[in-house]
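The values are calculated or read from the model by the stated rules, or taken from the named source; none is laboratory data. This structure is a prediction, so every number in the text was calculated from the model and none was measured. Counting neighbours? That spans all protein chains shown, and the Cβs are built from the backbone with ideal geometry, glycine included.
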Amino acid sequence: MAKKSISELVKEIALPLVSDAGCELVDVEFVKEGSNWFLRVYIDKPEGVSLDDCENVSRPLNKKLDELDPITHEFYLEVSSPGIERPLKKPEDFVRAIGSIIEIRLYKAVDNTKRFEGELVSCNDGHLTIKTENDINYVFELKDIAKAKKVFKF
C-alpha cells in the first residue's frame, strides 16, 4: 500500500474518533525517518490541545488500527497538536487564519520566487490574498500552493 493511501485510510479511521474527543483532525502523515516509520496524527481545537486530548484520541485510534491492521509493518503512532506554526491545508484553515501572518510555498515561481510571506487578507472562491511587508497584494489560487503555514515572530 502506498504512503498516500495509508494516510488517507488513517484519516477515515481517525476522523470519527477525533470528533468524539471534541477535536478537529488537522492532518495525518505517514513518514519514514531513518529506519523507523511514524504515523503522525495532528489534532486541534479552538482552546488548544491538551495532553488528555491527545490521549483520548491515541488510545481508541491505536485500538482501531490494531483491529483493522492497515499498516503491514511496525510504526510509531504520535498524536499531537499541529503546533504554533500550524500547516494550512483546507480552505477553512485559510479562512480561520485571515489577519494572521502566513508563509506559502508555491509549486511554480511568481516574480522569480516560490516563497511568499505576509498578512492573509482574504480567502474565497479558491483564491487567497496576501499583503507583504512592502504593502504589495498578491493573489494566489489555492491549487497553486504546495505548502502554507502560520508564522509567529517573537
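Only one of Leu88, Leu106, Leu65, Leu77 is surrounded by 11 or more Cβ atoms within 10 Å (Cβ to Cβ), over 16 Å from Asp144 (Cβ atoms) and in contact with a helix residue (DSSP H, G or I) (Cβ under 6 Å, 6 or more places away or on another chain). Can you tell me which?
Numbers: Leu88 fails: over 16 Å from Asp144 (Cβ atoms); Leu106 fails: over 16 Å from Asp144 (Cβ atoms); Leu65 fails: in contact with a helix residue (DSSP H, G or I) (Cβ under 6 Å, 6 or more places away or on another chain).
Residue meeting the stated conditions: Leu77.
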In the stretch 102-135, residue nearest to the chain's Cα centre (by Cα) [restricted to those that are of a type in the set (Lys, Arg) and within 26 Å of Ile84 (Cβ to Cβ)]: Arg105
Can you tell me how many residues in the stretch 85-144 are in a strand (DSSP E or B), among the small types (Gly, Ala, Ser) and either touching a residue at least 24 places away in the same chain (Cβ under 8 Å) or closer than 25 Å to Leu25 by Cα (or both)? 1
Selection over the stretch 72-90 where residues are charged (D, E, K, R) and at pLDDT 85 or above yields a count of 4
Please state which one of Pro60, Pro70 is surrounded by 14 or more Cβ atoms within 10 Å (Cβ to Cβ) and part of a loop (DSSP other than H, G, I, E, B). Pro70
Determine which member of the set Glu29, Glu8 is under 25 Å from Arg105 (Cα atoms), assigned to a strand (DSSP E or B), free of Cβ contacts under 8 Å to residues at least 40 places away in the same chain and charged (D, E, K, R). Glu29
